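Bear in mind that the values in this text are calculations on the coordinates, not laboratory data. Predicted model only: the values in this text are computed from it and were never measured. No Cβ is skipped: glycine too gets one built from the backbone with ideal geometry, and neighbour counts run over all protein chains shown.
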Protein chains: 2
Amino acid sequence: MLTTRLDLDRVRAARRHIDPIFLDTPLYQCDALGRELGCTVSIKLETANPVRSFKGRGTELVASLLTDQGRTAAVCASAGNLGQALAWSGRRRGLDVTVVASHRAPAVKLDRIRALGTELELVDGDFEMARERAVNIARRRDVRLVEDSLDIETCEGAATIGLELASGASTFDTVLIALGGGAMATGVGYVLKTLSPAVEVICVQPAGAPAMTRSWHERRVVTTDSYDTIADGVAGRYPIPVVLDDLLQVADDAVLVDEASIVTGMRMLLEHAGLVVEPSAALGVAAILEDRDRFAGRHVATIICGSNVDPDAYHRWVRA
Amino acid sequence: MLTTRLDLDRVRAARRHIDPIFLDTPLYQCDALGRELGCTVSIKLETANPVRSFKGRGTELVASLLTDQGRTAAVCASAGNLGQALAWSGRRRGLDVTVVASHRAPAVKLDRIRALGTELELVDGDFEMARERAVNIARRRDVRLVEDSLDIETCEGAATIGLELASGASTFDTVLIALGGGAMATGVGYVLKTLSPAVEVICVQPAGAPAMTRSWHERRVVTTDSYDTIADGVAGRYPIPVVLDDLLQVADDAVLVDEASIVTGMRMLLEHAGLVVEPSAALGVAAILEDRDRFAGRHVATIICGSNVDPDAYHRWVRA
């Protein structure tokens, strides 16, 4: 019996608060990619929506709750995708959204947040510094702080992906989930372990930003002094204890992958699946590349979680 | 009153015979692309499925009909996407599929047809030569010939895209549809003109393969001696008379675009929408680029109909 913060009825109910544009995303087998990887590969595509990532599922839920509570403003720290999604969900509901991000975030993510008419504050440090600044802004202005992975709605939103994976025509041996703060991994993992317990849930994180994976293996919060990865969407240093508690229950494994594998994964997704993805979305393919024997002949689903990538960096990576 | 070969009840019924993997595809507004083009742009994405084009909608219907009729084999001529889709739909139903294609078709399309275990016959000439050869094979072997755009199921399958466009949350001023043989243009156009008559239906064809567009403007079949375009998916020389009859009733306009605009369209879809597309799928954006004033401020939907493109050619085009 799982005793996580998640609840299946709440996840099912969450669908009603999410704009359908983020729901029931494509889930299909990609033979060309599977042939290259030596296994059957199904793609769960979370990029064909106005914010080009899965984060809209969670921000729709958050923004709808805030509106119900009569709130008129919110602030969040973001590596880029949460901010864009909260800006999109907030704009539709007249919420005043402030996003705090690191100045190192991809320009395209920052540009799209600004384009949505949202206040964007940049900090000199990394994502954890943005988190600190967001906390301060929320206190100073007395507005609601939206915290990715900690706020249960962000996990429940992501968990609706799990409902779609579990209800699809195919059954999978393994689902590969990019691991950052843990909203997607705990949300999707919880639903899979509840509805399809035989499916193996593997979280994948860059070796250059390994805090949550190390924490999972040591069963206690392990922080790092820095991170260094192109997978900006999953880079953090301070795992959230309650999120780790949930992850310990729903993940079968957590693996780390090298930057070179992430780049190769991006290139393979382009060449064999015709998909432009940001580095975080290539973590699943990277995990297969680093351990082909483990996945040989199996049916693996990988969630393509975002495609907000700077064009110049992208071309440099995939053409190298 | 439209008097085409299409019928709304039949199109609605068609959905039941099509694998859901091809249905209810993403339809979403792409702000970044819209900003560049000076109008509101909605994307109807037909590439996130196992054959990476919209053709599965029609071949599912065709193959299901053939199976019901007790047929065990079929042959089709194809520029590449129909063949891949018929191979996919046939394989699931135990149909013996033969595809005839031009040796000039993109290698990736031919490879994917072969990978589906289908017999592939290549002709030295162009697509019209492949059509002739397919007719001969069908006669010689006494197997069913599947003819794109002429067989009403191919139009009805494509027409289900129209149902989804008409039932979406957004209303459009204009829908841009790639024009080749006419299955998609007549199918989608018919549904839109029936359910959303105020929506303008504009067909887009390359200036280098203008037979159907010229025919539409002259209201009679006009053939050409050759074609020359990178948009291999819509290249033909002999319009089918009954398809032209239907097109004359459902299209508000048919326009021709230059190769340079198609390339720019592909590049913009990559840079601003994160989408890899084959040239035919960029025709809509190309049409906007060639007549910005016409579309300024309007809400335009464009169907991204395929993404089967040779990687090398693609990179050459988008990085030029």
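Just to confirm the numbers: residue B:260, label point 7 angstrom along the Cα-Cβ line, distances to the other copies in nm, shortest first?
For residue B:260, the other copies' label points sit at 4.3 nm, shortest first.
To check you understand DSSP bridge types, tell me what percent of the beta bridges within the protein assembly as shown (both residues inside) are antiparallel, rounded to 5.
DSSP beta bridges in the protein assembly as shown are roughly 10 percent antiparallel.
If you place +1 on the Cβ of every Lys and Arg, -1 on the Cβ of every Asp and Glu, and leave all else neutral, what size is the dipole of the protein assembly as shown about its Cα centre, to the nearest 20 Debye?
The calculated dipole for the protein assembly as shown is roughly 700 debye.
Within the protein assembly as shown, count lysine pairs with alpha carbon atoms under 28 angstrom apart where the residues are 8 or more positions apart or belong to different chains.
Close lysine pairs found across the protein assembly as shown: 15.
What FRET efficiency do you get for residue A:198 and residue B:298 if R0 is 51 Å and r is their Cβ-Cβ distance, rounded to the nearest 0.05?
With a Förster radius of 51 Å, E is 0.50.
For residue B:111, place a label point 7 Å from Cα along the Cα-to-Cβ direction in every copy; what are the distances to the other copies, in nm, shortest first?
Computed spacing set for this position: 3.1 nm.
Compute the distance from the alpha-carbon center of the stretch A:137-197 to that of the stretch B:207-231, in whole Å.
That distance is 51 Å.
Neighbour counts of other C-beta atoms within 10 Å: give me B:1, B:266 arranged from fewest to most.
B:1, B:266
Name the helices (complete DSSP H segments) of chain A with a Cα length along the long axis of 24 Å or more and a Kyte-Doolittle mean of at least -0.5, or state none.
Correct list, ordered by number: empty.
Apply 1/(1 + (r/R0)^6) to the Cβ-Cβ distance of residue A:72 and residue A:3, taking R0 = 35 Å, and write down the FRET efficiency to the nearest 0.05.
Between residue A:72 and residue A:3 the formula returns 0.50.
Towards the positive end of the charge dipole of chain A, with charges on Cβ (+1 Lys, Arg; -1 Asp, Glu), say which of A:216, A:89, A:301 has the farthest Cα.
Value computed over the given set: A:89.
Taking the Cβ-Cβ separation of residue A:10 and residue B:96 as r and a Förster radius of 60 Å, what is the calculated FRET efficiency to the nearest 0.05?
Efficiency, from the Cβ-Cβ distance: 0.75.
At residue B:135, label 7 Å along Cα→Cβ: distances to the other copies, nm, ascending?
So the distances to the same position in the other copies read 7.6 nm.
Rank A:21, A:263, A:53 by how far each Cα sits towards the positive end of the charge dipole of chain A (+1 on Lys, Arg Cβ; -1 on Asp, Glu Cβ) and give me just the farthest.
A:21
As a test, work out the antiparallel percent of DSSP beta bridges whose residues both lie in chain B, rounded to the nearest 5.
Looking only at bridges with both residues in chain B, the antiparallel portion is about 10 percent.
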